[in-house]
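Novice: I am attaching a structure below and will ask some questions about it afterwards.
A short reminder: the numbers here are calculations on the coordinates, not readings from a lab. Every value quoted in this text rests on a predicted model; they were computed, and no experiment measured them. Using ideal geometry, Cβ is built from the backbone for each residue, glycine included, and neighbour counts are taken over all protein chains shown.
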Amino acid sequence: MLDLHVHLLGHLDREVTRGNIRLFLDEAKKKNLVQIGFADHDMYWNDLNLDLIREVAEEYPELQVRIGLEVDYREENEELIRKRISSYPFDYTIGSVHEISGWFFDYPEEEEEHLRRDPDSLYLEYFALVEKAAASGMFQIIGHFDLIKLFKIRPRTDVRILAGRTLETIRKQGLAIEVNTNGRYKPVQEFYPEPKLLELIYQMGIPITLGSDAHEPSTVGRDLEEVVQQLKLFGVKEITGFAGQRPHALMFKNTLIGE
Ligand SMILES: [Zn+2]
Ligand SMILES: [Zn+2]
């Protein structure tokens, strides 16, 4: 089990201190994680202290502690993003789309705007941006792949068709997609991506990784055990971890019924 989507800073709810880092790592141990990755939002770039994480990680030899970054992808920011990513030896970066032409669509107060728009065009616009993020070559993981569903508004067209081109680009670029359990705590009440997309992702041979999107220590690893059980039913045999921006496979342990 691993969790590569953890926000140490939350939404600037706390500072990077040894004590705070330990709270997250203690929880990771408690949840039996093999690998935990911190991926704070790039908008808090000036508040990061990645070296301190590496230092405290040495107190936890049983954990693979990784350092990533969740980037709020915007085409016009590509140059700045590239500069930041290359300025630190990140283990991985997550490309996430939270914004369509300046509209931060995932804020709770934005539900009405979602209802006003045509669902198919909304999904298409969103997936086109995810495709650009994937094609940019800056990321190893795509974050919360179908975030646009968060208010439970479904497209008329099969979402697998709307997401098709984007998935093809992700596959060609060799990116992984995370199963992000945080969607369960949004109005849509399901993980990202939804099961039929996840099955397609697996069938396409796209590597799968895991993230809780924890913004506080207690939610590290949340619901990931359940995801692992679901993935095993699809036939998934391994999960992808990262080190030095290279993927590596972590095999599921064989578990027999009754074991
Ligand atoms: Zn995000
Ligand atoms: Zn996040």
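Novice: Taking N as the number of residues in the range 111-231, what is its Cα Rg relative to 2.2 N^0.38 Å?
Specialist: Cα-based Rg divided by the globular estimate yields 1.03.
Novice: Please tell me which of these pairs span more than 23 angstrom C-alpha to C-alpha: LYS132/LYS237; LYS186/LYS237; LYS172/LYS196?
Specialist: LYS132/LYS237; LYS186/LYS237
Novice: Between ASN46 and LEU233, how high is the FRET efficiency from 1/(1 + (r/R0)^6) when r is the Cβ-Cβ distance and R₀ = 45 Å? Nearest 0.05.
Specialist: 0.55
Novice: Let me ask something else. Mean-square fluctuation check for the chain, GNM, Cα pairs under 10 Å: which of THR181, THR169, THR209 is largest?
Specialist: Comparing THR181, THR169, THR209 in a Gaussian network model of the chain, the most mobile one is THR169.
Novice: May I pose another question? Would you mind giving the three semi-axes, in whole Å and largest first, of the ellipsoid equivalent to the range 162-232 according to its Cα gyration tensor?
Specialist: Whole-Å semi-axes of the equivalent ellipsoid: 22, 12, 12.
Novice: Once the piece of chain linking PHE104 and VAL34 is laid out straight, how much longer is it, given 0.36 nm per residue of separation minus the C-alpha distance between them?
Specialist: This chain segment gains 21.8 nm when fully extended.
Novice: Another one. Pop out the ³J(HN,Hα) list for the range 22-38 in order, Karplus 6.51 cos²θ - 1.76 cosθ + 1.60 with θ = phi - 60°, rounded to Hz; leave Gly and Pro as x.
Specialist: 3J(HN,Hα) across the range 22-38, in whole Hz: 4, 4, 5, 6, 4, 5, 4, 5, 4, 8, 6, 6, 8, 9, 10, x, 8.
Novice: Could you give the C-alpha radius of gyration of the chain expressed as a fraction of 2.2 N^0.38 Å, taking N as the number of residues it contains?
Specialist: 0.96
Novice: Using alpha carbon centroids, what distance separates the range 22-88 and the range 206-254, in Å?
Specialist: 17 Å
Novice: Quick one: work out the % antiparallel among DSSP beta bridges in the chain, nearest 5.
Specialist: On the way: 9 of 33 bridges.
DSSP beta bridges in the chain are roughly 25 percent antiparallel.
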